[in-house]
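Scroll down for the structure; my scribbles are underneath it.
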Amino acid sequence: MTANSDLVALDIETSGLEPEHDRVLAIGLASPDGAMTRISDDELELLHWAEDQLSAMPSRRILVTWNGEEFDLPFLRRRFDEYGITTTLVLAPRGQIGKYGKQLYSAHWGPHHHVDISDDYRQFALSRHIAWSLKPVARDILGIDPVVVDNSGASIASMDRTVLKNYLRSDIEITLALAARLPKARYSEPLPS
């Protein structure tokens, strides 16, 4: 059985939505031990940092994201591949299309399997008549005011680094808090297909 202390939230910020030509600008990780964010103009450095951080974590850790099956992890994998960087991030198509019209992927990063928590909150959002997105769900469930910015790629790329760090930190901490509210059984290791 997984304890909430085993969860690690991941979020990325990018210059746009298409990994074929956009790039990663910032990566954040949050666990009950604290949050780490990395912002850099050097995308290679960011990708190596993420791989190093995930490799150094105890194998029992579970990676959690909000919409990571459709965006964060496929985007990262594509960027690793673009540079020819060796990574332990492995994706497998699920044969389903996500909320934004892209392929969904099951994933694991080294020994850390991945759980995308966004779908766990879909019915909740519908029943409350709120947008099925991280911030509205967090406002309603957690009673907090998340950091909100213009999150278009161009705005993120030109954003002050302190603002970007606060925005990213808010998202990973919210993702972790929402993940911790889910039943522990949700984090059982998936059976290989």
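The values are calculated or read from the model by the stated rules, or taken from the named source; none is laboratory data. Because the structure is predicted, anything quoted here is derived from the model rather than measured. Cβ coordinates were reconstructed from backbone atoms using ideal geometry, including for glycine residues, and neighbour counts include every protein chain displayed.
List of remarks:
So that you can scan it fast, the table gives a plain yes or no per residue for (1) more than 18 Å from A9 (Cβ to Cβ); (2) in a helix (DSSP H, G or I); (3) among the charged types (D, E, K, R):
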residue	(1), (2), (3)
D150	yes, no, yes
A154	yes, yes, no
K165	no, yes, yes
D171	no, yes, yes
I174	no, yes, no
A179	no, yes, no
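- Filtered by the rule that a residue be under 16 Å from the mean Cα position of the chain (by Cα) and among the small types (G, A, S), segment 1-54 gives A9, S15, G16, A26, G28, A30, S31, G34, A35, A50.
- Scan of segment 113-140 for residues that are of a type in the set (A, V, I, L, M, F, W, C), closer than 27 Å to R60 by Cα and part of a helix (DSSP H, G or I), ordered by number: L134, A138
- Per the conditions (1) more than 19 Å from P111 (Cα to Cα); (2) free of Cβ contacts under 8 Å to residues at least 40 places away in the same chain, the sole criterion not satisfied by D22 is (2).
- Meets criteria (surrounded by 12 or more Cβ atoms within 10 Å (Cβ to Cβ), under 29 Å from H48 (Cα atoms) and of a type in the set (D, E)) for D116: yes
- Candidate set from segment 149-192 (those that are closer than 22 Å to D22 by Cβ, touching a Phe, Trp or Tyr at 6+ places or on another chain (Cβ under 8 Å) and of a type outside the set (D, E)); member that is modelled with the lowest pLDDT: N151
- Options D33, D22, D42: the member that is closer than 20 Å to S155 by Cβ and acidic (D, E): D22
- Residues of segment 152-173 satisfying the condition of being crowded, with 16+ Cβ neighbours inside 10 Å and under 19 Å from the mean Cα position of the chain (by Cα): G153, I156, A157, L164, K165, Y167, L168, R169, S170, D171, I172, E173
- Whether a residue is modelled with pLDDT under 95 and either closer than 25 Å to Y100 by Cα or among the aromatic types (F, W, Y) (or both) was assessed, and L29 does not pass this test.
- For segment 126-157, a residue qualifies if it is closer than 19 Å to I97 by Cβ and free of Cβ contacts under 8 Å to residues at least 24 places away in the same chain, and the qualifying residues are L126, S133.
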